[in-house]
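Bear in mind that the values in this text are calculations on the coordinates, not laboratory data. On a predicted model such as this, the values are computed, not experimentally measured, just so you know. Cβ: placed from backbone, ideal geometry, glycine included. Neighbour counts: every protein chain shown.
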Amino acid sequence: MHRVLKWGGFAISFYGWNRIDLFADAWKAAGFRMVGHIVFRKSYSSSSRFFRYEHESAYLLAKGNVTPPAKPIPDVIDMLYSGNKLHPTQKPVAALLPLVDTFCPAGGLVLDPFAGSGSSLVAAQHLGRDWLGMELDAEHAGTATRRLAWHAAKKIAA
Ligand SMILES: C[S@@+](CC[C@H](N)C(=O)[O-])C[C@H]1O[C@@H](n2cnc3c(N)ncnc32)[C@H](O)[C@@H]1O
């Protein structure tokens with residue numbers, strides 16, 4: 001991710017809270033600076049043990065000297081249940097739209113190397129950014145391809 005990102009660009013990486021040491025070591029070793037942290041507030045628990053786990057989190061990572069956004073967005077974003085109809089861990093496009101809009105400039109490209117059903121790519125396409133997705137699983141790759149074509153035809157994000 002760091003190698004292919006433009007200087008002055010941003011990356012957003014979701015992570016598992018119980019593996020933060022591994023993620024942070026890897027981000028820093030690659031050359032990223034951690035410049036923000038995002039909490040996605042869910043209206044449901046994905047699991048329950050010591051807590052009902054009702055949030056996801058991601059770091060905003062920077063390559064080189066980045067320019068802060070002219071209009072910063074809140075670092076807590078509501079994440080409605082996607083229904084996981086297209087992928088077992090499908091992210092709702094609505095939660096990704098403000099991030100793409102803020103951290104990928106007009107004319108920029110969104111790369112998602114773990115694209116799944118293509119939610120981040122749908123957000124990019126909806127906002128007129130270029131996009132590039134990679135997905136190991138052929139079935140998920142097919143889902144993302146069909147979804148992007150459908151959204152391109154309908155011009156809606158969901
Ligand atoms: C958490 S899911 C992404 C879900 C996606 N955000 C969505 O909304 O549908 C991660 C995806 O990464 C894929 N994946 C895992 N290892 C990969 C690899 N080495 N290269 C490409 N894709 C990979 C998995 O098949 C899985 O679909």
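Just to be sure I follow: if Rg is taken over the C-alpha atoms of the range 42-158 and Rh is the Kirkwood radius over the same atoms, what is Rg/Rh?
Numbers: Rg = 15.0 Å, Rh = 15.4 Å.
Ratio of gyration radius to Kirkwood radius for the range 42-158: 0.98.
Just for the chain, what percent of DSSP beta bridges are antiparallel, to the closest 5?
On the way: 15 of 23 bridges.
Within the chain, antiparallel bridges account for around 65 percent of the total.
Leaving out same-chain residues fewer than 8 places away, which lysines sit with a Cα under 30 Å from that of Lys154?
Excluding near neighbours in sequence, the set is Lys42, Lys71, Lys85, Lys91.
Using mean Cβ contacts within 10 Å as the protection proxy, how do 70-76, 98-104 order, highest first? Before the final figure, lay out each step's value.
Details: 70-76: 9.9, 98-104: 19.0.
So the order, starting with the most tightly packed, is 98-104, 70-76.
For the pair Ser57/Ala152, report the inter-label distance in nm, with labels modelled 7 Å from Cα in the Cβ direction.
Reported label-point gap for Ser57 and Ala152 is 3.8 nm.
Can you show me the helix-derived [θ] at 222 nm for the chain, built from DSSP H runs with n ≥ 4 at -39,500 (n - 2.57) apiece and divided by the number of residues, rounded to the nearest 500. Walk me through the numbers on the way to the answer.
Details: 4 runs with 47 residues, N = 158.
Mean residue ellipticity at 222 nm (helix-derived): -9000 deg cm²/dmol.
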